[in-house]
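Student: Below is one structure. I have some questions about it.
FYI, it's all coordinate maths here, none of it is from the lab. Here the structure is a predicted model, which is why all the values come from computation and not from measurement. Backbone-built Cβ (ideal geometry, glycine too); neighbour counts: all protein chains shown.
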Ligand SMILES: [Zn+2]
Ligand SMILES: [Zn+2]
C-alpha cells in the first residue's frame, strides 16, 4: 500500500488516499519518494489538455531513494539517491541509437502508462503518469527511469531537475544551442521559463528578454538572468522586442506556455535566420500557423523541444554539478514546500501565478 494523489475525473480535485502498489518485476525498482515538484503538465493532464484517462496518479518531477530492486537490476541498490526521468530509455531503439534518448520508443509507449497495473484501488487499475507517478509516497518504476545522483545533494532541490530544469535549461543548451552573443526572448516565466532564462545566461546570450503578463514573474525573470522584461498585457510584445534589438527581433524566441497566441507572438519576434522554440504543449488538436514566406525568404524556423532535448544520463548529473558549484539556481525556484495533502491548493496557486514551483516534501 502507498498514499497517493489520484485523479478520478478531469477538473476535479485529486483525492489523497491509500492505494495498492504491486510487487516488483525483474527490471523494476521500488522507490520511496523524497520530493516532487508540481509542474504545469500535471495541471494540463488534470484539465484534460493532455489526454490521459483517469483514474491516474499524477506527478513526474521527482527525486527518490531506492528501497528495493528487481532481480535483473544490476546498477542500483537500496539506499541509492535518484532523480526520476519521465523518459525511460531502452538504449537500443532507433532514437536511442541516434543519441536522442528523450524520444525513446519505450518511453513514448510508457508516457501515459497505466497498463502495467502498478496502482490499484478496489480492483480498479490506476494509471501511472509517465511511468513514475511522483505524487505517491512510494512508486514502482523501471530501473531505466532512475538516474543515480550523489547522496549529498538535497533531494527537495534535485527533484526539480527531473522536469522543469532539464526542460528549460536543455531547451537553451541542447535544442537551440544558443551561442555567446545571441539574442533571446522567452514567453512565459513560470518554472520552465525561468530555466530557459538561466540556460540562456549560461550560454552567454547577449540579450535575454522575458515576456509575461504577471509582474511578479517578470521580477523572478530578472533574478534568473533576464536583461529586459516586457509585460505583454501592456504592450505588443513583438514590437517591444524589436525595439530592444535595433529593430531586428531575436535569434531565438522560446514559447513555454503552450498557448497559440504566444506561439504566434514568438514567431513574429524573430529576426531573419531566427528560430522559434516551442517548449510549451498546446492543447491536443490545436494548430499553430506561421507565414509560409518566413521559411524560404527569411530562413526562419520552428524547433520542437521535448524534455530539453536531454540526454538524461549525461545532463541530469551535469545540471546538478552546476548547482553544487552555485552556477545554477534551484533554491530560488521553490516558492512553497508542501505536503501531498496540499496538492490541490498548489494547482490553484499555479493558476493564479503565485508560485514558480511548489514542491511536495515527503516525510
Ligand atoms: Zn513537467
Ligand atoms: Zn530507446
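Student: Is it the case that some residue within segment 275-284 is under 19 Å from the mean Cα position of the chain (by Cα), farther than 28 Å from residue 143 by Cα, assigned to a loop (DSSP other than H, G, I, E, B) and without any contact (Cβ under 8 Å) to a residue 60 or more places away in the chain?
Tutor: Scanning segment 275-284 turns up at least one residue that is under 19 Å from the mean Cα position of the chain (by Cα), farther than 28 Å from residue 143 by Cα, assigned to a loop (DSSP other than H, G, I, E, B) and without any contact (Cβ under 8 Å) to a residue 60 or more places away in the chain.
Student: Would you pick out the residues in segment 297-321 that are surrounded by fewer than 21 Cβ atoms within 10 Å (Cβ to Cβ) and outside any helix (DSSP H, G or I)?
Tutor: 297, 298, 299, 301, 302, 303, 304, 306, 311
Student: Output the number of the condition that residue 6 fails; it satisfies all remaining conditions of (1) touching a strand residue (DSSP E or B) at 6+ places or on another chain (Cβ under 8 Å); (2) surrounded by 16 or more Cβ atoms within 10 Å (Cβ to Cβ); (3) under 25 Å from residue 148 (Cα atoms).
Tutor: Residue 6 satisfies every listed condition except (3).
Student: Inside segment 9-21, can you point out the residues that are in a loop (DSSP other than H, G, I, E, B), surrounded by 14 or more Cβ atoms within 10 Å (Cβ to Cβ) and out of contact with any helix residue (DSSP H, G or I) (no Cβ under 6 Å at 6 or more places or on another chain)?
Tutor: Listed by number, the list holds a single entry, 10.
Student: Could you list, in sequence order, all residues of segment 26-35 that are under 21 Å from residue 161 (Cβ atoms) and either in contact with a helix residue (DSSP H, G or I) (Cβ under 6 Å, 6 or more places away or on another chain) or surrounded by fewer than 24 Cβ atoms within 10 Å (Cβ to Cβ) (or both)?
Tutor: 29, 32, 34, 35
Student: Within segment 46-62, work out how many residues are closer than 14 Å to residue 128 by Cβ and more than 10 Å from ligand 1 (Cβ to nearest atom).
Tutor: 8
Student: I'd like the full set of residues that are under 24 Å from residue 309 (Cα atoms), more than 8 Å from ligand 2 (Cβ to nearest atom) and out of contact with any strand residue (DSSP E or B) (no Cβ under 6 Å at 6 or more places or on another chain), limited to segment 74-93.
Tutor: Residues satisfying the conditions are 86, 87.
Student: Out of curiosity, is residue 102 within 16 Å of ligand 2 (Cβ to nearest atom), in a helix (DSSP H, G or I) and in contact (Cβ under 8 Å) with a residue 12 or more places away in the chain?
Tutor: yes
Student: Check off (1) assigned to a loop (DSSP other than H, G, I, E, B); (2) surrounded by 20 or more Cβ atoms within 10 Å (Cβ to Cβ); (3) more than 16 Å from ligand 2 (Cβ to nearest atom) for residue 71 and give me the number that stays unchecked.
Tutor: Failing condition for residue 71: (2).
Student: Considering 232, 247, 204, which residue is touching a residue at least 24 places away in the same chain (Cβ under 8 Å) and at positive phi?
Tutor: On inspection, the qualifying residue turns out to be 204.
Student: Let me ask you something else. I'd like the full set of residues that are closer than 19 Å to residue 359 by Cα and not in a helix (DSSP H, G or I), limited to segment 129-145.
Tutor: Passing the criteria: 132, 133, 134, 135, 136, 137, 138, 139.
Student: Another question, then. Quick one: which of 92, 98 is surrounded by fewer than 21 Cβ atoms within 10 Å (Cβ to Cβ) and more than 30 Å from residue 203 (Cα to Cα)? Spell out the reasoning first.
Tutor: On the way: 98 fails: more than 30 Å from residue 203 (Cα to Cα).
Answer to the check: 92.
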